[in-house]
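Report on the structure given below.
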């Protein structure tokens, strides 16, 4: 009985303790968040919920569900300039967290884009990192929450009005 209680307690608290640890990707975003010359955007869970309601009002239920289940989206961007260090740091952060797996990469019009995903067995939450770089701009996007890769492509349909 004690053993069963211990296993139950571990199942309850282990996911929280794992998620509370700072990851190399978190450290990367903290480092560049307030750095001069970089644009930083953080869309918190409340913003995602508001966007979800707006999508539902427009009749896009699929997008509404996706947005509701995303906890945050973080973006670091550098327009032009020397982006070599930013790209190296982003790729090193992803490589340091061995749970990230490359999904796909491609190059178009001189811009290279790489996608990495981290899925855990203990949680239904996933984490996606997208690194885009080239002569025009460099952008690193981090999405965390409940989603699958097909759903994430729907985010490109969101346009400011």
- prompt: What is the number of the single condition among (1) more than 20 Å from the chain's Cα centre (by Cα); (2) at pLDDT below 90 that residue 16 does not meet?
  reply: (1)
- prompt: List, please: which pairs have Cβ atoms under 7 Å, are six or more places apart or on different chains, and start with a residue in the stretch 102-117 that is without any contact (Cβ under 8 Å) to a residue 12 or more places away in the chain and on the phi > 0 side of the Ramachandran plot and end with one that is surrounded by 10 or more Cβ atoms within 10 Å (Cβ to Cβ) and not in a strand (DSSP E or B)?
  reply: none
statement: Among (1) surrounded by 13 or more Cβ atoms within 10 Å (Cβ to Cβ); (2) out of contact with any helix residue (DSSP H, G or I) (no Cβ under 7 Å at 6 or more places or on another chain); (3) closer than 17 Å to residue 23 by Cβ; (4) modelled with pLDDT under 90, residue 73 falls short only on (4)
task: Select from the stretch 35-44 the residues that are in contact (Cβ under 8 Å) with a residue 40 or more places away in the chain and either under 14 Å from residue 154 (Cβ atoms) or surrounded by 12 or more Cβ atoms within 10 Å (Cβ to Cβ) (or both) and list them in ascending order.
output: 38, 39
message: Being part of a strand (DSSP E or B), at pLDDT 90 or above, over 13 Å from the mean Cα position of the chain (by Cα) and surrounded by 20 or more Cβ atoms within 10 Å (Cβ to Cβ): is that true of residue 138 here?
response: yes
task: Could you please give the count of residues in the stretch 28-65 that are closer than 19 Å to residue 125 by Cβ, touching a helix residue (DSSP H, G or I) at 6+ places or on another chain (Cβ under 8 Å) and part of a loop (DSSP other than H, G, I, E, B)?
output: 0
task: Mind listing whichever residues of the stretch 66-76 are in contact (Cβ under 8 Å) with a residue 24 or more places away in the chain and not in a loop (DSSP other than H, G, I, E, B)?
output: 66, 70, 71, 72, 73, 74, 75, 76
message: Given (1) within 15 Å of the chain's Cα centre (by Cα); (2) over 22 Å from residue 155 (Cα atoms); (3) at pLDDT 90 or above, identify the lone condition not met by residue 22.
response: (3)
Checking residue 65 against (1) modelled with pLDDT under 90; (2) over 23 Å from residue 31 (Cβ atoms); (3) touching a strand residue (DSSP E or B) at 6+ places or on another chain (Cβ under 9 Å), the condition it does not meet: (3)
statement: Reported set for the stretch 124-135 where residues are assigned to a strand (DSSP E or B) and within 14 Å of the chain's Cα centre (by Cα) is 126, 127, 128, 129, 130, 131, 132
query: Looking at the stretch 90-123, which of its residues are part of a helix (DSSP H, G or I) and surrounded by fewer than 17 Cβ atoms within 10 Å (Cβ to Cβ)?
result: 92, 95, 96
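The values are calculated or read from the model by the stated rules, or taken from the named source; none is laboratory data. Fair warning: this is a prediction, and the values are worked out from it, not measured in the lab. When we count neighbours, we look across all protein chains shown, and the Cβ atoms used for this are built from the backbone with ideal geometry, even at glycine.
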